[in-house]
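Since the structure comes first, as structure tokens, the remarks are kept for the end.
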Amino acid sequence: MATTVTSRDVQEIVFKLSSDKAKAREEGIKLLNTWLEGERSYNFCKFIGLNTTKLRPDEVPHSETWPFLISLLIQCASSEISSSKRRNPKIIYAKTLRVVVQRADEAKNSGKSLPLSSVVKPLFNHVWEVLSNVPSFQSEYGIILRLLLAVADYSCQMKKRIYSNLVFLYIEKVEASLNVKDISHYTSKEEVFRYILTLHSLLENPPGDYPDSIREDLVKEFVRICSLIREEGKISRKLVECINTYLLNDGPNLGCQLLEIHNAIQQFVFRCWLTTHDRVLKDSLILYARIQLNLMRDAADSCLLVEQLLDVVCKDLDQGSMSCTSVPRGDGNKDDKLGALISSQCGLVELAAVLFYRACLNTSRASFSEKRAKREPSAGIMREALMQGKWL
């Protein structure tokens, strides 16, 4: 039979967590965890959630609500950190806060839509202080940060100063992790991936527009990181997603800095484009190319990018046509083949169409073409390939 939760049960937890004695606070943490685990968790979270939904917008949260519990846990974690100068603070404090934030987040689907609104600002401040000073709490607090960022109404309440500090904190972590020959000597690949995952969450969910004050330094950091991407894998895949997200959000404000980012990452992009078997990475590279094409305004830079991309896309289309010709014509339905092509290569074909259009426009710019070695016109390349039955 499920355990019934009473006000007395919650008050016992609150009483212990509010104590000025470390032993009592730790007992309170352990007691709270017994209510957050197993079958008891459902009824406990339901009880706290219902009380939270009854709060009026202008009402101070009382002791049997999510915001109050989280405020208490912030105080407990801060006290534990300040009292553990010669040892690592006990991880149970970080884990408990993370679990409570997760349970409150899950409650959004069955009650108050934003149960943490009244406490999210101090929670962001606390997360920043801990992430910047307490290495042993990094993993748990990184999860808390990603949970909060995923809710637009929470992320928009973060102070821009805190946001900027967190972005550079994680960029520095990523750069330091990549700037070694063997990641395992510095930190585990899983930990590096979590850094990048959190960085991506930050870039995807800024509190409004990116602060103008960080743009120049942020581009410099991205240029350094791009130059460190060496091999395929989920780390490089997530980094390309980070760059795409940043370009989509702030690209129109970058101007000539777009070329700086491209110069740093182009070696990785063009090396992997024709060799990777990672469909997600390939799609991200195609998206990167399309974003840069749409953003670059300088005629010379844009023409150079078109030439680079046209070369690799033509080779890619050649590879695709060869793989298609290796399939017997009698195998399968023609419509099935067409559907497979659309689903797997739609992005590439759309990019190719844009590139050929832009390349044909560029051939009319004599002032640019005179400065470069003559090459076969793009229209001729396309016509010859189609007449030979390629790319079909």
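The values are calculated or read from the model by the stated rules, or taken from the named source; none is laboratory data. In this text, all values refer to a predicted model and were calculated from it rather than measured experimentally. All Cβ positions, glycine included, derive from the backbone under ideal geometry; neighbour counts span all protein chains shown. Keep in mind that these areas ignore ligands, DNA and RNA; they rest on the heavy atoms of the full protein, side chains included. Shrake-Rupley method; radii C 1.70, N 1.55, O 1.52, S 1.80 Å.
Which of the residues spanning segment 222-240 are among the basic types (Lys, Arg), out of contact with any Phe, Trp or Tyr (no Cβ under 7 Å at 6 or more places or on another chain) and over 16 Å from residue 273 (Cβ atoms)?
Taking segment 222-240 as the starting set, the residues that turn out to be among the basic types (Lys, Arg) are 224, 230, 234, 237-238.
Within this subset, residues satisfying the condition of being out of contact with any Phe, Trp or Tyr (no Cβ under 7 Å at 6 or more places or on another chain) are 224, 230, 237.
Passing the criteria: only 224.
Any idea which of 117, 83, 79 is in contact (Cβ under 8 Å) with a residue 60 or more places away in the chain and over 26 Å from residue 191 (Cβ atoms)? Give the steps one after another, and end with the answer.
Values: 117 fails: in contact (Cβ under 8 Å) with a residue 60 or more places away in the chain; 79 fails: in contact (Cβ under 8 Å) with a residue 60 or more places away in the chain.
Just a single option satisfies the conditions, and that option is 83.
Going residue by residue through segment 262-275, is there one that turns out to be open to solvent by 10 Å² or more (accessible area, probe 1.4 Å), of a type in the set (Lys, Arg) and touching a residue at least 40 places away in the same chain (Cβ under 8 Å)? Please lay out each step first, then the result.
Initially, segment 262-275 is screened for residues open to solvent by 10 Å² or more (accessible area, probe 1.4 Å), giving 263-264, 266-267, 270-271, 274-275.
From what's left, of a type in the set (Lys, Arg): 271.
Keeping just the survivors that are touching a residue at least 40 places away in the same chain (Cβ under 8 Å) gives none.
Looking for residues that are open to solvent by 10 Å² or more (accessible area, probe 1.4 Å), of a type in the set (Lys, Arg) and touching a residue at least 40 places away in the same chain (Cβ under 8 Å), one finds none in segment 262-275, hence no.
Report whether or not residue 212 is among the acidic types (Asp, Glu) and surrounded by fewer than 16 Cβ atoms within 10 Å (Cβ to Cβ). Give the steps one after another, and end with the answer.
Details: among the acidic types (Asp, Glu): yes; surrounded by fewer than 16 Cβ atoms within 10 Å (Cβ to Cβ): yes.
Judged against the criteria, residue 212 is a match.
Could you pull out the residue among 173, 234 that is open to solvent by 30 Å² or more (accessible area, probe 1.4 Å) and more than 23 Å from residue 127 (Cα to Cα)?
Numbers: 173 fails: more than 23 Å from residue 127 (Cα to Cα).
Testing whether each residue is open to solvent by 30 Å² or more (accessible area, probe 1.4 Å) and more than 23 Å from residue 127 (Cα to Cα) leaves just 234.
Name the one entry in 305, 239 that is out of contact with any Lys or Arg (no Cβ under 6 Å at 6 or more places or on another chain) and within 19 Å of residue 172 (Cβ to Cβ). Don't jump to the end; show me each part of the working.
Working: 305 fails: within 19 Å of residue 172 (Cβ to Cβ).
Of the residues listed, the single one that is out of contact with any Lys or Arg (no Cβ under 6 Å at 6 or more places or on another chain) and within 19 Å of residue 172 (Cβ to Cβ) is 239.
Counting just the residues of segment 206-244 that are under 21 Å from residue 155 (Cβ atoms) and small (Gly, Ala, Ser), which one comes out nearest to the chain's Cα centre (by Cα)?
208
When segment 83-101 is examined, which residues are found to be open to solvent by 40 Å² or more (accessible area, probe 1.4 Å) and modelled with pLDDT of 95 or more? Reasoning before the result, please.
Let us first name the residues in segment 83-101 that are open to solvent by 40 Å² or more (accessible area, probe 1.4 Å), namely 83, 85-88, 90-92, 95, 98.
90, 91, 92, 95, 98, listed by residue number.
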